[in-house]
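The values are calculated or read from the model by the stated rules, or taken from the named source; none is laboratory data. Since the model is a prediction, treat every value here as computed from it, not as a measurement. Here the Cβ positions follow ideal geometry from the backbone for every residue, glycine too, while neighbour counts run over all protein chains shown. Accessible surface is based on the protein model in full, side chains and every heavy atom, while ligands, DNA and RNA are left aside. Shrake-Rupley method; radii C 1.70, N 1.55, O 1.52, S 1.80 Å.
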Amino acid sequence: MSNSKLLCKILRLKEMKITWFEFKDRGKELHLGVKPFKNGCRCPECGRRGGIVRLATDERTWTDITIFGIKIVLHYAPKEIDCPTHGRIQEEIPWAAVRARVTYRLEYRICAFSQIMTQKAAAAILKMASSTISDILHRVITRTRAGHKIRGLVTLGVDEISYRKGKKYATIVYDLDRSCVLWVGKGKGRATIDQFFNEQLSDRQKKQIRWASCDMSRAYTEAIKHHCPNAKLVIDRFHVVKALNEAVDAVRKEEWHKLEGDERKAIKGLRWLLGMHSRNRTKGHTRILNKLRDSNRRIHRAWVLKDEFEHFWNYSYLGSARQFLKHWMTTALKSRIPSLRKFVETLKEHQENILSFVERHLTNAVGEGLNRIIKIVKNRASGFRSLESFADLIFLTVGDLDILAQIPSKLRTL
Ligand SMILES: [Zn+2]
């Protein structure tokens, strides 16, 4: 076996020939002259073979993976060919994408590592600068997503998420049937969600949407009503529960500021307990909360109302759910607690869309599950410079297109 054949085997350079090799930078880099073995002279657009027009253009280099701490760099001067369809064109490079300066193998490694670890860790293992990694990632994701279209969307979810230490917002659109992210846009207002509908979906696709889930912000509810004529809107349960919990907590805060001494002591440390779902409470927890009946009637009242509201989510008949809601709202109004009255107003405004939960138990829970992943992604990258790099990682981990599967299978070595 010749040296170059051995090198090919060790480096797993399939379907290529090594023409020369040389160590550089005190042995830290191995430069290889290579050429395509069988796949030469193919058009990058259509894959057809074409006649050679010019033997060698300028020599180009591609950074390959690092093995045993040695960075592999490939050298080759691509030929110019004449494709019957595409005319004069530079031949396809089997080991790298058009215009890419790194090989598919390195791209695959960067994507796979970025899916499971922080960019800092990936940078340390790959011996590359963090910024280089996110630049390469951005190019791979932009390239693989180019021309990708949303398909078969029936159940839509819309949510907002903050990034850059909670200072900036992005709108995320999910396909809740497939539980994946379809789109990420800057901002959280009407303009952002309108941009999604206008740019990503055809009129026909908009008509095919049957269900939609979002929070109670008017920007989202009105945009969905406007763009999706056949969609039934379900206000996300999680956001309703959150609003109610906030209303109950407002009562606790109010009382805390009003009271002093022993009375104040009696309501200490309740915040977490009040927000807890009855299912997760122990007998001890319930005992503490029941004591409120004597120590603080207002908080007790608010808590009882909150607990009762949990029943709403179990109804399976619209009529009885409607009756329950009506009754609950009357009781809440009678409590004369301002924050709960405000919550009732919100309920009234979205009543029909909250009631549609009975018809289909749709929530962004899948979305919230995705949101958790997105939060992990956010924590993983230390301070995103832009929404683009944040969106890149979202698409990489929970997007509607399997990015890793877009890289030629032969070159997916880790
Ligand atoms: Zn062609």
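Could you work out which residue, out of Q115, Q323, Q205, moves most in a Gaussian network model of the chain, that is, has the largest mean-square fluctuation with Cα springs under 10 Å? Per the Cα network of the chain with a 10 Å cutoff, Q323 tops the list.
Charged neighbours of A170, selected by a Cβ distance under 13 Å, balance to +3 (K, R count +1; D, E count -1).
In a DSSP loop and with at most 12 other Cβ atoms within 10 Å, the trypsin sites (Lys or Arg not before Pro) in region 291-368 are R336. Per-residue ellipticity at 222 nm computed for the chain from its helices equals -14500 deg cm²/dmol, with DSSP H segments shorter than 4 residues left out and the rest contributing -39,500 (n - 2.57). Across region 113-248, the convex hull enclosing all Cα atoms gives 141 Å³ per residue.
Using only side-chain charges placed at the Cβ, +1 for Lys and Arg and -1 for Asp and Glu, the dipole size of region 23-86 relative to its Cα centre rounds to 200 debye.
Here region 258-309 is described by how far its Cα atoms reach on the three principal axes: 32, 19, 16 Å, from widest to narrowest. Taking other residues whose beta carbon is less than 12 angstrom from the beta carbon of R105, and scoring Lys, Arg as +1 and Asp, Glu as -1, yields +3.
Sites listed here are GluC sites (Glu not before Pro) in region 256-353 whose DSSP assignment is loop and whose Cβ has at most 11 other Cβ atoms within 10 Å: E260. Restricting the chymotrypsin sites (Phe, Trp or Tyr not before Pro) of region 64-152 to loop positions (DSSP other than H, G, I, E, B) with no more than 16 neighbouring Cβ atoms within 10 Å leaves F68. Positive end of the dipole of the chain (Cβ unit charges, origin at the Cα centre): among L156, F68, Y169, the Cα lying farthest that way belongs to F68.
Principal-axis analysis of the Cα atoms of the chain puts helix 130-145 at an angle of about 90° to the longest axis. For region 193-243, the Kirkwood estimate of the hydrodynamic radius, built from every pair of different alpha carbons, is 11.4 Å. Restricting the calculation to Cα atoms, every distinct pair contributes to the Kirkwood radius of region 287-335, found to be 11.8 Å.
Once the dipole of the chain is set up with Lys and Arg at +1 and Asp and Glu at -1 on Cβ about the Cα centre, which of T19, I337, L401 lies farthest towards its positive end? Final value for the positive-end residue is I337. How far, in degrees from 0 to 90, does helix 104-116 lean away from the longest principal axis of the Cα atoms of the chain, to the nearest 10? Taking the Cα atoms of the chain, the angle to 104-116 is about 20 degrees. Toward the positive end of the charge dipole of region 214-330, with +1 on the Cβ of Lys and Arg and -1 on the Cβ of Asp and Glu, the farthest Cα among A219, L292, V248 is that of L292. Relative to the longest principal axis of the Cα atoms of the chain, the long axis of helix 365-380 lies at roughly 60 degrees.
Expressed as a whole percentage, what fraction of the accessible surface of the chain belongs to carbon and sulfur atoms when a 1.4 Å probe is rolled over the protein heavy atoms?
50 percent
Highest mobility in the GNM of the chain, judged by mean-square fluctuation with C-alpha springs under 10 Å and restricted to L333, L244, L233, is found for L333. In terms of its alpha-carbon gyration tensor, region 288-414 comes out prolate; a/c meets the 1.5 threshold, and the first ratio a/b outweighs b/c.
Based on Cβ point charges of +1 for Lys and Arg and -1 for Asp and Glu, what charge dipole magnitude is obtained for region 179-334 about its Cα centre, in debye rounded to the nearest 20? The partial results should precede the final answer.
Details: 32 positive and 17 negative charges, 66 e Å.
The dipole of region 179-334 has a size of about 320 debye.
Against the empirical curve 2.2 N^0.38 Å, the C-alpha radius of gyration of the chain lands at a ratio of 1.34.
Within a Cβ distance under 15 Å of G261, other residues only, what is the Lys/Arg minus Asp/Glu net charge? Within the 15 Å Cβ shell, the charges total 0.
Report relative contact order for region 252-381 in percent, whole number only (criteria: Cα-Cα under 8 Å, sequence separation at least 6).
On the way: 61 pairs, mean separation 24.5, N = 130.
After rounding, I find 19 percent.
In a reduced charge model with +1 at each Lys and Arg Cβ and -1 at each Asp and Glu Cβ, the chain shows a dipole moment near 800 debye about its Cα centre. Note on the chain: antiparallel DSSP beta bridges, both residues inside, total approximately 70 percent of the bridges counted.
Among the listed pairs K167/K375; K378/K410; K24/K127; K253/K326, a Cα-Cα separation exceeding 25 Å is found for K378/K410; K253/K326.
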